[in-house]
Amino acid sequence: MIKKNDVVSLSYSLKNSDGIELGKAGAEEAMNYLHGAGNIVRGLEEAIENLKVGDKKDVIVPPEKGYGDVDPKLLLKVDRSNFPKDMDIKLGMQFSSEMGGKDNVFTVEGVDGDQVNVNGNHPLAGQTLHFNIEITGIRDATEEELSHGHVHDGSHHH
Ligand code: ZN
């Protein structure tokens, strides 16, 4: 049964409330995470507690246990002059900017004359997340993984 400090592997599909697929990982490309370390959204982590290998589950995660509500303070109009002159500003373009002492990723959502509309919310903010998961593996975390608070596998080592 899955408990804190287990490394959990799972395959999943993720849809929004309209049934649009937002992401998926099949059994061969299962996602690994350190359980109890806040590596994944809280609502999903809570639902996985005590599951075992082979268990399948539908999990509905509201925004408050997912990526939060849309913060209107992060919907900004920025003057074109704040961007480099030669930059071709396109819809969907992302850039990071420091805000309140931490880096925040902003996405360009519109250009209106000299005004660029940017959104610093997580792309899934405000969304209810519909996960369908299957637990494909459980192992103990290594000491190093526990001290880093995340899983080391494949290319991820630091
Ligand atoms: Zn690490």
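The values are calculated or read from the model by the stated rules, or taken from the named source; none is laboratory data. Predicted model only: the values in this text are computed from it and were never measured. Neighbour counts are summed over all protein chains in view; Cβ atoms, including those assigned to glycine, are modelled from backbone coordinates with ideal geometry. Only protein heavy atoms, including side chains, enter the accessible area calculation; ligands, DNA and RNA are left aside. Shrake-Rupley method; radii C 1.70, N 1.55, O 1.52, S 1.80 Å.
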Give the residues of segment 117-144 that are of a type outside the set (Phe, Trp, Tyr), in contact with a strand residue (DSSP E or B) (Cβ under 6 Å, 6 or more places away or on another chain) and in contact (Cβ under 8 Å) with a residue 60 or more places away in the chain, sorted by residue number.
-> Leu129, His130, Asn132, Ile133, Glu134, Ile135, Thr136, Gly137, Ile138, Arg139, Ala141
Return yes when Glu64 is assigned to a helix (DSSP H, G or I) and either open to solvent by 60 Å² or more (accessible area, probe 1.4 Å) or within 30 Å of Leu10 (Cα to Cα) (or both) and no when it is not.
-> yes
Applying the selection to segment 33-71, what residues are of a type in the set (D, E, K, R) and within 15 Å of the chain's Cα centre (by Cα)?
-> Arg42, Glu45, Glu64, Lys65, Asp69
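Hey, among Asp114, Asp88, which residue is over 21 Å from the mean Cα position of the chain (by Cα) and free of Cβ contacts under 8 Å to residues at least 24 places away in the same chain?
Asp88 is the lone residue from the list that is over 21 Å from the mean Cα position of the chain (by Cα) and free of Cβ contacts under 8 Å to residues at least 24 places away in the same chain.
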Filter pass, Asp18 being open to solvent by 70 Å² or more (accessible area, probe 1.4 Å), closer than 30 Å to Leu146 by Cβ and among the acidic types (Asp, Glu) = no
